[in-house]
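Taking it in order: structure first as structure tokens, then the write-up.
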Amino acid sequence: MNIFRLAGDLTHLISILVLLLKIYATKSCSGISLKTQELYALVFLARYLDLFTDFVSVYNTVMKLVFIGSSLAIVWCMRMHRIVKRSYNRELDTFRHYFLVAGSFVLALVVHEKFTLQEIFWAFSIYLEAVAILPQLVLLQRSGNVDNLTGQYVFFLGAYRAFYILNWIYRYFTEQRFGRWISWISGLVQTALYADFFYYYFMSWKNNAKLQLPA
Amino acid sequence: GPKSSHKDEL
């Protein structure tokens, strides 16, 4: 494992920890999109079907279980937890996320490496992950002010795929391995969707000001 | 040419 891959995994893990911390410490999920959280849960469930068929390493298996478990736990909290669910910004979180699911699935049926259940679900998870942040970004834009932990959460979640791209470039040169082009293109799209957010995140950091997204 | 597949990634 190279440093970029590790940095990617760690920022991904940190983003989840920050989100859990926010929900646990403030007993609130304000500013968090349930739609995005549901999409992520679906992404992990679809991608890690290989838990049952391929073993890579203890590290991989543990991380996969952590990603699946934490995303389901967050969805459960936002839907079921007596106190947490009260703070959910339902009226702002109206993105039609089923269209993203349907679109990603159709694309996976058309563009995949092999016509097998696992490969189609893998491609589906990659496409869906690329766009899964959209409901969250829309929610942040609508609510205007972004609280500190929510801002950090989105930042780390965006940074993770950018590190993966560096990891793919690194592996291309060191291992003569070209990662699947489906992930390259989706990863670039995914990172590009954060460009706007990154810009305002760095500006607020530079000016030591509260993060605000223009409407 | 470079081989494909990064099945070891998350």
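Values in this text are rule-based calculations from the coordinates and carry no lab data. Computed from a prediction, not measured in an experiment: that's the story for all the values here. Neighbour counts run over all protein chains shown; Cβ positions are idealised from the backbone, glycine included.
Across region A:134-193, C-alpha contacts under 8 Å between residues 6 or more apart give a mean separation that, scaled by the residue count, equals a relative contact order of 36 percent.
Measure nothing fancy, just the Cα-based angle from helix A:117-131's long axis to the longest principal axis of chain A, in degrees from 0 to 90, nearest 10. Rounded to the nearest ten degrees, it is 40. Taking the longest Cα principal axis of chain A as reference, the axis of helix A:181-193 is set at about 10 degrees. If you bin all the Cα-Cα distances of region A:70-151 at 10 Å, starting from zero, the percentages per bin are 16, 36, 31, 15, 2. Taking other C-beta atoms within 10 Å as the exposure proxy, A:SER104, A:SER143 rank A:SER143, A:SER104 from fewest upward. As a length-normalised measure over Cα pairs under 8 Å and 6 or more apart, the relative contact order of region A:67-136 settles at 27 percent. If I fit a long axis through the Cα atoms of helix A:58-80 and take the longest principal axis of the Cα atoms of chain A, what angle between them do I get, 0 to 90°, rounded to 10? So the helix axis and the longest Cα principal axis differ by about 30 degrees. What the Kirkwood sum gives for region A:1-115 is a hydrodynamic radius of 15.9 Å, with every pair of different alpha carbons counted.
Straight-line cross-link partners of A:LYS114 among the lysines, defined as a Cα under 21 Å from its Cα and at least 8 positions apart when in the same chain: B:LYS3, B:LYS7.
Positive end of the dipole of region A:90-189, charges at C-beta (+1 Lys, Arg; -1 Asp, Glu), about the Cα centre: which of A:VAL146, A:VAL101, A:PHE124 has its Cα farthest in that direction? Working it through, the farthest residue towards the positive pole turns out to be A:PHE124. At a Förster distance of 22 Å, what's the computed FRET efficiency of A:ALA25 paired with A:THR94, Cβ-Cβ distance as r, to 0.05? With R0 = 22 Å, the Cβ-Cβ based efficiency is 0.20. Taking N as the residue count of region A:109-185, its C-alpha radius of gyration divided by 2.2 N^0.38 Å amounts to 1.39. Taking a straight Cα-Cα cut-off under 30 Å and skipping sequence neighbours fewer than 8 places away in the same chain, the lysines within cross-link reach of A:LYS27 are A:LYS35, A:LYS64, A:LYS85, A:LYS206, A:LYS210.
Over all orientations, region A:11-76 has a Cα convex hull whose mean projected area works out to 4.7 square nanometres.
Considering only alpha-carbon pairs that sit under 8 angstrom and 6 or more positions apart, the relative contact order computed for region A:93-134 is 40 percent. For chain A, the C-alpha radius of gyration sits at 1.02 times the compact-globule guess of 2.2 N^0.38 Å, with N the residue count. When only the Cβ of Lys, Arg, Asp and Glu is charged (+1, +1, -1, -1), the dipole of chain A relative to its Cα centre reaches about 560 debye.
Let me spell out the model: positive unit charges on the Cβ of Lys and Arg, negative unit charges on the Cβ of Asp and Glu, origin at the Cα centre of region A:132-196. What dipole size does that give, in debye rounded to 20?
Here region A:132-196 has a charge dipole of around 220 debye.
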